[in-house]
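Report on one structure; see the data block that follows.
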Amino acid sequence: MAAFDTEKTVVADIDRTVYDIKDKVDAAYEVSSGLTEEIVRDISREKNDPDWMRDFRLKSLEIYEKLPIPDWGPSIEGLDMKNIVTYVRPKTGMSATWAQVPEDIKNTFERLGIPQAERSGLAGVGAQYDSEVVYHNVRKEVEDQGVVYTDLESALKGPYEGMIRDHFMHLVPPTDHKFAALHGAVWSGGSFVYVPAGVSVEIPLQSYFRLNAPGAGQFEHTLIIVDKNAYLHFIEGCSAPKYNVANLHAGCVEIFVGEGSRVRYSTIENWSKNMYNLNTKRATVGKGGTIEWVSGSFGSHTSYLYPMSILAGEKSRMEFTGITFAGAGQELDTGAKVLHAAPGTSSHVTTKSIARDGGVSNFRSSVVISEKAAGSKSSVSCESLMLDSRSRSDTIPAMDIRTDKADVGHEAKIGRISEDAVFYLMSRGLSEEDAKALIVGGFAEPIAKELPLEYAVEMNNLIHLEMKGSIG
Amino acid sequence: MSTPLLKIEGLHVSVDEKEILHGVDLEIGAGQVHVLMGPNGTGKSTLVSAVMGDPRFTVTEGRIYFKGEDVTEAKTDERARMGMFLSFQAPQEIPGITLENFIRTACGAVSGKQPKLFAFRRELREQMARLGLDESYAERYLNVGFSGGEKKKSEILQLLMMKPALALLDETDSGLDVDAVRTVTEGIKAWHNAENSLLIITHNAKILEGLDVDHVHVLSKGLIVRQGGAELVREITEGGFASVKEED
Ligand SMILES: Nc1ncnc2c1ncn2[C@@H]1O[C@H](COP(=O)(O)OP(=O)(O)OP(=O)(O)O)[C@@H](O)[C@H]1O
Ligand SMILES: [Mg+2]
């Protein structure tokens, strides 16, 4: 009998039919492709930016031109900035009811389950289509608590302009890296969230980002400011149909967690396989505060994604739970960074990565414990599963510990699917594919249970596609 | 005579180029109870694994027929769907799926249609009670953290729910306490009938109490060295394998 065929693919390509439906591109305004000062000025004018924001954009553009393309990660040669249309504004303004959202755009979000999710348990929903937010709504009772959840552009024109100016790209400055600079120059859309002191937002807020136009870039900015002793769960979902040209996503998320507050940020990223996802996420946490990241990366052609936490206040904490699944043609470089900058802080990173069919799924982590962070603790654990011998999964940890009063642990495991387990399941009538998908699902389960239910279900569907509902 | 349920002809099996079985013949008729005994490391588990189609074992010579069909090349899941079942000497732990969901999936896979939820659940609870497995185990991940004895009960629970035509029981009794062995035998008897056949690998006569044993095979160093009726079990348990081999 043939030896166990380790080359066989296990989990079929994700069924993308829902995500892949392309809407006819019918944009109201589009800048010409490539990036020039003219374009940045156009975007700024089109958006009616305050002067300081226009200047910020132009400054960022200068920085962008000076910074080199990163050379330490996956190749981004396939990305030619000259071909990325930075700004595509859909032919609609922002609405506060789905009824006002144009039919085709609304249908897209209906298919993705966004309005249903809003009805069934979200405090607020934002939906961005290409470069602009087309929908934003927040429950009245949440608004009555003083919670602000709106698109960043509107917020810039209201009473929060000063607050935005004091925070916008202060955590992720345009000098951070080339794509942060690009973001600073052409950012568009995204959300602004403010939670006042002492307010606990019991149900999550959710933003969904959809990139429809081919060859376009999406550069949304999410700015979350949570005052003292407050709580927020923010969910972010992303998808795009697949085109044959490269798309670019260079979003930016900045989260300010106040003293004694807790923020949970959950993401399921399911960009199509032509997307370059060069996203930057960062949080700073005040005394006794907590940031929790839950992150699922499934889509994109190439990803650079390492949410960073700055533990600035004494006894602040971070938890990161992530899963990355790379299939054919994908190179997903994901991980987490943490800077312990105060005494008694702690970080806890748990990730799983899966690679199949020649995919590359790397886990990169960086833990820095500064001189000021005596009595801090950090544990990083990464498990990876390779489904065949052509796939790759590497762990690249970096540590910089500057105090001897710290407790630091790192654990990495690389595994393959156990043939014994596959045989056991097949002896119960399961096909080889189903058996393997079940094992992969079991591997991912500790992460899935951290995700909001509908996202856990979506993730399971992505993994268990072959099983077509046979598993309850 | 009608076609035997299982027929093994001149089976040679290797693992990692090393031959473990050197030509085994065995026939099991419908409704029969067969016992396979033999010293440790002689190839009993190898034989049932090869019959179930474990890809790590290579059949280099000989054929395996099940229900009259040559299944030597068939995949393990095909054999399972045809009604073959192996109770493992060391069952696997599979996180991520509960015992109940797994058995329901397995029943659906072998029967071709997903069992109705409520009827299935009722039957599962009944069988669990029969085996002395607490209901809460239905919600636990498949065999994860189960004790040795609980894993064996989980195997027999799967047997009772999946209702195969042929059960290969590889040392199901080892790791079970005296009462549990009796419970498991009761369970097996409830499933066994004039159509369903059994091949039991054991080092212990206890599990056979109350079962009508038709044939006993003694495997030694990869060959069947002795065959006989139920009386052989007593000979071996009293006098050891040396006693039966001498007579050969
Ligand atoms: N995967 C394997 N790789 C290498 N050798 C193996 C493997 N499986 C079995 N063997 C060898 O084959 C021989 C037969 O093993 P097997 O497990 O079939 O014995 P057994 O009769 O079931 O013994 P026991 O009564 O101890 O369960 C042993 O020498 C064993 O070491
Ligand atoms: Mg054995």
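The values are calculated or read from the model by the stated rules, or taken from the named source; none is laboratory data. Remember, predicted model here, so these are calculated numbers, not experimental data. Neighbour counts are summed over all protein chains in view; Cβ atoms, including those assigned to glycine, are modelled from backbone coordinates with ideal geometry. For accessibility, only protein heavy atoms count, side chains too; no ligands or nucleic acids. Shrake-Rupley method; radii C 1.70, N 1.55, O 1.52, S 1.80 Å.
Just to confirm my numbers, what's the Cα centroid distance between the range A:201-234 and the range B:2-35 in Å?
Cα centroid to Cα centroid, the span is 63 Å.
Calculate the radius of gyration of the Cα atoms of the range B:123-248 to one decimal place, then report Dmax, the largest Cα-Cα distance, as a whole number, both in Å.
When restricted to Cα atoms, the range B:123-248 yields Rg and Dmax of 16.0, 51 Å.
Please tell me which of these pairs span more than 25 angstrom C-alpha to C-alpha: A:Lys106/A:Lys352; B:Lys75/B:Lys113; A:Lys59/A:Lys228; B:Lys44/B:Lys163?
Values: A:Lys106/A:Lys352 34 Å; B:Lys75/B:Lys113 20 Å; A:Lys59/A:Lys228 33 Å; B:Lys44/B:Lys163 23 Å.
As for pairs spanning more than 25 Å Cα to Cα, those are A:Lys106/A:Lys352; A:Lys59/A:Lys228.
Hey, what's chain B come to in accessible area per residue, 1.4 Å probe, Å²?
On the way: 10530 Å² over 248 residues.
Per-residue accessible area for chain B comes out at 42 Å².
Report the rotationally averaged projected area of the range A:143-260 based on its alpha-carbon convex hull, in square nanometres.
Working: hull surface 32.0 nm².
Approximately 8.0 nm², given one-decimal rounding.
Just the number, please: percent antiparallel of the DSSP beta bridges in the protein assembly as shown, rounded to the nearest 5. Working shown, then result.
Details: 37 of 181 bridges.
Antiparallel bridges make up about 20 percent of those DSSP assigns within the protein assembly as shown.
With a cut-off of 8 Å between alpha carbons and a minimum separation of six or more residues, what is the relative contact order of the range A:28-417 in percent?
Values: 1120 pairs, mean separation 41.1, N = 390.
Normalised by residue count, the contact order of the range A:28-417 is 11 percent.
Per the Kirkwood definition applied to all pairs of different Cα atoms, how many angstroms is the hydrodynamic radius of the range A:187-320? Working shown, then result.
On the way: mean 1/r = 0.0663 Å⁻¹.
One over the average 1/r among Cα pairs gives 15.1 Å for the range A:187-320.
Regarding the range A:238-393, what is the average projected area of its C-alpha convex hull, in nm²?
Working: hull surface 33.6 nm².
Over every viewing direction, the Cα hull of the range A:238-393 projects on average to 8.4 nm².
Averaged across the residues of A:441-450, what count of C-beta atoms belonging to other chains lies within 10 Å of each residue's C-beta?
On the way: counts 4, 8, 2, 1, 4, 2, 0, 1, 0, 0.
Going residue by residue through A:441-450 and averaging, the value is 2.
Which of the pairs B:Lys7/B:Lys153; A:Lys66/A:Lys372; A:Lys315/A:Lys372 have their Cα atoms more than 22 Å apart in this structure? Intermediate values should be presented prior to the final figure.
Numbers: B:Lys7/B:Lys153 28 Å; A:Lys66/A:Lys372 33 Å; A:Lys315/A:Lys372 12 Å.
Beyond 22 Å: B:Lys7/B:Lys153; A:Lys66/A:Lys372.
Could you point to the residue in A:Ser384, A:Gly126, A:Phe320 farthest towards the positive end of the range A:28-417's charge dipole, with +1 and -1 charges on the Cβ of Lys/Arg and Asp/Glu respectively?
A:Ser384
When only C-alpha pairs under 8 Å and at least 6 residues apart count, what is the relative contact order of the range B:205-247, in percent? All intermediate terms of the calculation are to be shown ahead of the outcome.
Details: 36 pairs, mean separation 13.3, N = 43.
Contact order relative to length: 31 percent.
Pull up the cross-link candidates among the aspartates and glutamates for A:Lys449, meaning alpha carbon to alpha carbon under 20 Å and not fewer than 8 places away within one chain.
A:Glu202, A:Glu236, A:Glu269, A:Glu292, A:Glu319, A:Glu383, A:Glu458, B:Glu93, B:Glu100, B:Glu139
State the antiparallel share, in %, of DSSP beta bridges confined to the range B:6-243, rounding to the nearest 5.
On the way: 24 of 41 bridges.
Expressed as a percentage, antiparallel bridges in the range B:6-243 total about 60.
Sort A:379-385, B:116-122, B:16-22 by packing, meaning the average of other beta carbons within 10 Å per residue, with the highest value first. Before the final figure, lay out each step's value.
On the way: A:379-385: 21.3, B:116-122: 11.3, B:16-22: 14.1.
Ranked from most to least packed, the peptides come out as A:379-385, B:16-22, B:116-122.
Please list, in chain and number order, the residues 5+ apart from B:Ile200 or on another chain whose amide H is under 5 Å from its amide H, with Hs placed from the backbone.
So B:Ile200 has HN proximity to B:His34, B:Val35, B:Leu36, B:Leu169.
Among B:Leu133, B:Asn193, B:Val178, whose Cα sits farthest toward the positive end of the charge dipole of the range B:6-243 (+1 at Cβ of Lys/Arg, -1 at Cβ of Asp/Glu, about the Cα centre)?
About the Cα centre, the residue reaching furthest to the positive side is B:Leu133.
Using just the alpha carbons, could you tell me how many Å³ per residue the convex hull of the range A:28-417 encloses? Let's see the in-between values first.
On the way: hull volume 51.0 nm³, N = 390.
Dividing the Cα hull volume of the range A:28-417 by its residue count gives 131 Å³.
Here is the link list: A:Lys413/A:Lys436; A:Lys178/A:Lys281; A:Lys287/A:Lys337; B:Lys67/B:Lys221. Which ones come out longer than 24 Å on Cα distance?
Values: A:Lys413/A:Lys436 19 Å; A:Lys178/A:Lys281 15 Å; A:Lys287/A:Lys337 19 Å; B:Lys67/B:Lys221 28 Å.
Check vs 24 Å cut-off fails for B:Lys67/B:Lys221.
How much accessible area per residue does the range A:28-417 have, in Å², with a 1.4 Å probe?
Details: 13450 Å² over 390 residues.
On a per-residue basis, the range A:28-417 sits at 34 Å².
Quick one: work out Rg over Rh on the C-alpha atoms of the protein assembly as shown, Rh as Kirkwood radius.
Numbers: Rg = 31.0 Å, Rh = 28.6 Å.
That ratio is 1.08, to two decimals.
Where nothing but the Cβ of Lys and Arg (+1) and of Asp and Glu (-1) is charged, how large is the charge dipole of the protein assembly as shown around its Cα centre, in debye to the nearest 20?
On the way: 77 positive and 103 negative charges, 241 e Å.
In total the dipole reaches around 1160 debye.
For A:Gly322, which sequence-distant residues (separation of 5 or more, or a different chain) have an amide H within less than 5 Å of its own amide H, given hydrogens modelled in the peptide plane?
When sequence neighbours closer than 5 places are left aside, the close amide H contacts are A:Ser295, A:Thr350, A:Thr351, A:Lys352.
Suppose every K and R has +1 on its Cβ and every D and E has -1 on its Cβ; what is the size of the dipole of the range A:28-417 about the Cα centre, in Debye to the nearest 20?
Numbers: 41 positive and 48 negative charges, 137 e Å.
I would put it at about 660 debye.
Distance between the C-alpha centers of the range B:79-129 and the range B:137-175? Whole Å please.
Each part's Cα centre sits 10 Å from the other's.
Pop out the carbon and sulfur fraction of the accessible area of the protein assembly as shown as a percent, whole number, probe 1.4 Å.
Ligands and nucleic acids excluded, carbon and sulfur reach 49 percent.
Take every Cα pair under 8 Å in the range B:6-243 that's 6+ residues apart, average their separations, divide by the length, and report that relative contact order as a whole percent. Write down the numbers at each step before the final one.
Values: 442 pairs, mean separation 64.9, N = 238.
In percent, rounded to a whole number, it is 27.
For the charge dipole of the range B:6-243, defined by +1 on Lys and Arg C-beta atoms and -1 on Asp and Glu C-beta atoms about the Cα centroid, which residue among B:Pro115, B:Gly23, B:Gln227 has the Cα displaced farthest towards the positive pole?
B:Pro115
With only Lys, Arg, Asp and Glu charged, each at its Cβ (+1 for the first two, -1 for the last two), find how big the charge dipole of the range B:6-243 is about the Cα centre; round to the nearest 20 debye. Could the numbers behind the result be given before it?
Details: 27 positive and 35 negative charges, 129 e Å.
Taking the Cα centre of the range B:6-243 as origin, the dipole is about 620 debye.
Please work out, to two decimal places, the log10 of the ratio I(q)/I(0) at q = 0.09, 0.13 Å⁻¹ from a Debye calculation in which every Cα of the range B:6-243 carries one identical scatterer.
-0.37, -0.78
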